[in-house]
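To start, the structure under review is shown below, and the notes come after it.
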Amino acid sequence: MLGKFWIVIFSSFVFVSPAFAEKIDLALLSQLKPLLEAPTVKVENNKIIFLDLWASWCEPCKESLPHYAKLKKTYSPQGVLFVVVGLDGKESDSLNFARQLNLNLNFYWDTEKKLQKQLQIQAVPMLYLLNSRGEILYSSRGYDSKELVQLESELKKHIKANL
């Protein structure tokens, strides 16, 4: 049985990807390679995880990350763990991109593409809100600044639910 498929139009390309997974193996987050001075990812109970997957060549990613840095400033003190993961083919591309942006975010690189494979990522940016069990609470494919209100609403809702 083939299951559901999502079609995403990004620029002039069409990406076909299976429907979202329901749960993420959180052990994969601790295997991400920190870029710049990011700490090793440690998931604690009752934390919400803000997981963003991006690439240095992705224009919507460049637009989204400064907004996510503002969200981190607001919601990290409330227990949200922000993890932004580069999916470039070369670590140096992700590292240079993170340096160039100079944002207060924890940047990582998916060294062996294990996270990318589990999530079957074929288009970026891709955003997930997860609970401390790896269950997907919210997901968004692509980026539209108009959706920031919805994203912030989801963050508030899940923070409140985890108190």
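Within the stretch 73-107, restricting attention to residues that are under 18 Å from Pro60 (Cα atoms) and of a type in the set (Phe, Trp, Tyr), the residue that is nearest to the chain's Cα centre (by Cα) is Phe107.
Quick check: is even one residue across the stretch 120-140 closer than 18 Å to Cys61 by Cα and β-branched (Val, Ile, Thr)? Looking through the stretch 120-140, at least one residue is closer than 18 Å to Cys61 by Cα and β-branched (Val, Ile, Thr). Among the residues of the stretch 86-94, is any without any contact (Cβ under 8 Å) to a residue 12 or more places away in the chain and surrounded by 13 or more Cβ atoms within 10 Å (Cβ to Cβ)? Looking through the stretch 86-94, none of the residues is without any contact (Cβ under 8 Å) to a residue 12 or more places away in the chain and surrounded by 13 or more Cβ atoms within 10 Å (Cβ to Cβ). When the stretch 104-141 is filtered for residues that are crowded, with 17+ Cβ neighbours inside 10 Å and part of a loop (DSSP other than H, G, I, E, B), the ones remaining, listed by number, are Leu105, Asn106, Asp110, Ile121, Ala123, Val124, Pro125, Asn131, Gly134. I'd like the full set of residues that are out of contact with any strand residue (DSSP E or B) (no Cβ under 9 Å at 6 or more places or on another chain) and closer than 18 Å to Lys72 by Cβ, limited to the stretch 130-163. Correct list: Ser145, Leu148, Val149, Glu152, Ser153, Lys156. Please indicate, with yes or no, whether at least one residue in the stretch 52-69 is closer than 29 Å to Lys160 by Cα, of a type in the set (D, E, K, R) and either surrounded by 12 or more Cβ atoms within 10 Å (Cβ to Cβ) or in contact with a strand residue (DSSP E or B) (Cβ under 7 Å, 6 or more places away or on another chain) (or both). So far as the stretch 52-69 goes, yes, one or more of its residues are closer than 29 Å to Lys160 by Cα, of a type in the set (D, E, K, R) and either surrounded by 12 or more Cβ atoms within 10 Å (Cβ to Cβ) or in contact with a strand residue (DSSP E or B) (Cβ under 7 Å, 6 or more places away or on another chain) (or both). Of all residues in the stretch 81-112, those satisfying the criterion of being at pLDDT 90 or above and of a type in the set (Ser, Thr, Tyr) are Ser92, Ser94, Tyr108.
The values are calculated or read from the model by the stated rules, or taken from the named source; none is laboratory data. If you're wondering where the values come from, they're calculated on a predicted model, not measured in any experiment. Positions of Cβ are generated from backbone atoms using ideal geometry, with glycine treated the same way; all protein chains shown enter the neighbour counts.
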